[in-house]
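J.: Structure in C-alpha cells, see below.
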Amino acid sequence: MRWFAPFVIAFLCFTSMVWADDTPSDLKLVVDKKGIKIWTYVVPNSELRGFKAVTVVKSSLAGLVGLITDTKNANRWLYRTSAIDILKRDDAEHLFTIRVITDFPWPFSDREALVDVRISQDATSGKVRIDSNESPDAASYPVKACCLRMPLVQGFWMFKPLANGMVEVTMSGHADPGGNVPAGAVNFLIQEHPYNTLKGLRKVIGEPLYQKIQYPYIHEISVN
C-alpha cells in the first residue's frame, strides 16, 4: 500500500518555500559507476560519516513519490530493507511515523528505525523533497524482538526535474545504528547501501505501476 494515498491533500503541501542548501562543503567522492555517484562527508562530533548519492532516471515526479511510498514493495529495491510499517498519521500536523526494519549482516542484530516523514514540493523549481528523521515519539513504541533501535536517523530524498523527462534523484543522510558496530563497518555500509538502493530504484522506476501514478498535489514541471 502507499502510506499517504488516503490523506495526500492533508500533508502534501505545494509551497513557495526556499529550501536551504543541505550540501556539506567537504564532500569526498567515493563511488562513480553505472550512473551513480556517492560522496561521503564528516559529521561534526561523530566518527560516523554522512553520505550523498545521486543518479538520473527517466520518470515523472509522481512516479518517484509513488515508488518511495509503496511500502508493500519496498524490499524489491530498497537495499536490506525487510519491512516498513505505518505506525501513526497526524493529518493536523501533516506528519506520519513509520517503522523501518533493516537487515544487518551477521553477526549483528537487525535494526529498526522509527521515522517521521514529510513530503513537500517547491513551487518555483518543482523539486520534490521527502524528509525522514528519527521520531521524537519513538519511546512510545516497544522495540521489536528481532531488532535494536537506531538512536539517530536523519536524511532526505530530493527529486529535481530535468529536461526530456529526466529527473535527478538525490538521497542523503546520516545515521547511528547503535550497539557495538565498529565505525569503520558503518562507514563502509554507507557506501554500499545508497549504491544498491539507487541501482534497485533504476531497475523498477520505469514500470507502469509507478509511471501511471498521478497525484493532484504533485506538479510535473517542464524543463527546457
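J.: Quick one: which residue in Tyr215, Tyr141, Tyr195 is in contact with a helix residue (DSSP H, G or I) (Cβ under 6 Å, 6 or more places away or on another chain) and either of a type in the set (Ser, Thr, Tyr) or in contact (Cβ under 8 Å) with a residue 40 or more places away in the chain (or both)?
T.: Of Tyr215, Tyr141, Tyr195, the one residue that is in contact with a helix residue (DSSP H, G or I) (Cβ under 6 Å, 6 or more places away or on another chain) and either of a type in the set (Ser, Thr, Tyr) or in contact (Cβ under 8 Å) with a residue 40 or more places away in the chain (or both) is Tyr215.
J.: Spot the failing condition for Arg111; the list is (1) crowded, with 16+ Cβ neighbours inside 10 Å; (2) over 26 Å from Tyr195 (Cβ atoms), and only one is missed.
T.: (2)
J.: Are there any pairs with C-beta distances below 9 angstrom linking a residue in region 29-55 that is in contact (Cβ under 8 Å) with a residue 12 or more places away in the chain to a residue that is buried (at least 16 other Cβ atoms within 10 Å of the Cβ) and acidic (Asp, Glu), with the two at least 6 apart or on different chains, and if so which?
T.: Ser46/Asp176; Leu48/Asp176
J.: Kindly establish whether Ser172 is part of a loop (DSSP other than H, G, I, E, B) and touching a strand residue (DSSP E or B) at 6+ places or on another chain (Cβ under 9 Å). Can you show your working first?
T.: Values: part of a loop (DSSP other than H, G, I, E, B): no; touching a strand residue (DSSP E or B) at 6+ places or on another chain (Cβ under 9 Å): yes.
For Ser172, the condition - part of a loop (DSSP other than H, G, I, E, B) and touching a strand residue (DSSP E or B) at 6+ places or on another chain (Cβ under 9 Å) - is not met.
Condition check ((1) over 30 Å from Lys144 (Cα atoms); (2) buried (at least 17 other Cβ atoms within 10 Å of the Cβ); (3) small (Gly, Ala, Ser)) across all residues:
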| site | (1), (2), (3) |
| --- | --- |
| Gly50 | no, yes, yes |
| Ser60 | yes, yes, yes |
| Gly63 | yes, yes, yes |
| Gly66 | no, yes, yes |
| Asp70 | no, yes, no |
| Ala74 | no, yes, yes |
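J.: Among the residues of region 139-171, which ones are of a type in the set (S, T, N, Q) and either modelled with pLDDT of 95 or more or farther than 18 Å from Thr40 by Cβ (or both)?
T.: Initially, region 139-171 is screened for residues of a type in the set (S, T, N, Q), giving 140, 154, 164, 170.
Ser140, Asn164, Thr170, listed by residue number.
J.: Looking at (1) over 26 Å from Val65 (Cα atoms); (2) buried (at least 18 other Cβ atoms within 10 Å of the Cβ); (3) in contact (Cβ under 8 Å) with a residue 40 or more places away in the chain, which one does Ile130 not meet, given that it meets all the others?
T.: (1)
The values are calculated or read from the model by the stated rules, or taken from the named source; none is laboratory data. Please read all numbers here as calculations on a predicted model, not as lab measurements. No Cβ is skipped: glycine too gets one built from the backbone with ideal geometry, and neighbour counts run over all protein chains shown.
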